[in-house]
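What follows is a short report on a single structure.
Read-outs: derived from the displayed coordinates by stated rules, not from any lab. As the structure is a prediction and not an experimental result, all values here were calculated from the model. All Cβ positions, even for glycine, are placed from backbone atoms using ideal geometry, and neighbour counts span all protein chains on display.
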Amino acid sequence: MGRNYSKDQVVSLSSVRQEMIEEKRRDYERVVFKSNFGVYTYFESTGLHAIEVIDISEGGMQFQTPEKSSLHLNTGDVIPVRFYFATDHFISIDVKVVRSFSAIEDGTAVHRYGCLIDKTMASYAAIYHFVQFITKCAEHGHKDERHLKIYY
């Protein structure tokens, strides 16, 4: 006669898989990214395309484009992302699209892309420190509710 398995615990592989995915996501805490930086991707054939970075971490980023944008990316595409810190100076890093989906943002259709950052590029050190900087700003910064500005 066979073994009685009634006292053995059944493990759901899908829940274990989901826990592993969540653990990987927590490896890199993403910082919500709202800034005055110009962020673009560039293609020789079509030029610059503006993108809006939603969040960023040491390992990845999420950005969006208007649904009507001519920029259409597929999972697996590797693209350069330029962070302009001055009118004509930028830091470029390659990212690989790993997720692509449509969403509604403030009543407007957008397309969102989840990407992994190429950590092997020489520019990654600058991106790493940039993410560290905005993380500390998010932790210690204060919102100016009065919009105090001085114009010269």
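If you go through segment 64-109 and pick out every residue that is loosely packed, with under 14 Cβ neighbours inside 10 Å, of a type in the set (Val, Ile, Thr) and either under 21 Å from residue 129 (Cβ atoms) or under 16 Å from the mean Cα position of the chain (by Cα) (or both), you end up with 3.
Does segment 106-152 hold any residues that are of a type in the set (Lys, Arg) and either in contact (Cβ under 8 Å) with a residue 12 or more places away in the chain or part of a helix (DSSP H, G or I) (or both), and which are they?
112, 119, 136
Okay, residues lined up against (1) in contact (Cβ under 8 Å) with a residue 40 or more places away in the chain; (2) closer than 16 Å to residue 52 by Cβ; (3) among the polar types (S, T, N, Q):
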position: 64; (1), (2), (3): yes, yes, yes
position: 76; (1), (2), (3): no, no, no
position: 79; (1), (2), (3): no, yes, no
position: 84; (1), (2), (3): yes, yes, no
position: 89; (1), (2), (3): no, no, no
position: 103; (1), (2), (3): no, yes, no
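Residue-by-condition table, conditions (1) more than 20 Å from residue 38 (Cβ to Cβ); (2) of a type in the set (Phe, Trp, Tyr):
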{"position": "85", "(1), (2)": "no, yes"}
{"position": "89", "(1), (2)": "no, no"}
{"position": "99", "(1), (2)": "yes, no"}
{"position": "106", "(1), (2)": "yes, no"}
{"position": "113", "(1), (2)": "no, yes"}
{"position": "129", "(1), (2)": "no, no"}
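Residues that are out of contact with any Phe, Trp or Tyr (no Cβ under 8 Å at 6 or more places or on another chain) and of a type outside the set (Asp, Glu) within segment 96-118 comprise 96, 98, 101, 102, 103, 104, 107, 108, 109, 110, 114, 116, listed in sequence order.
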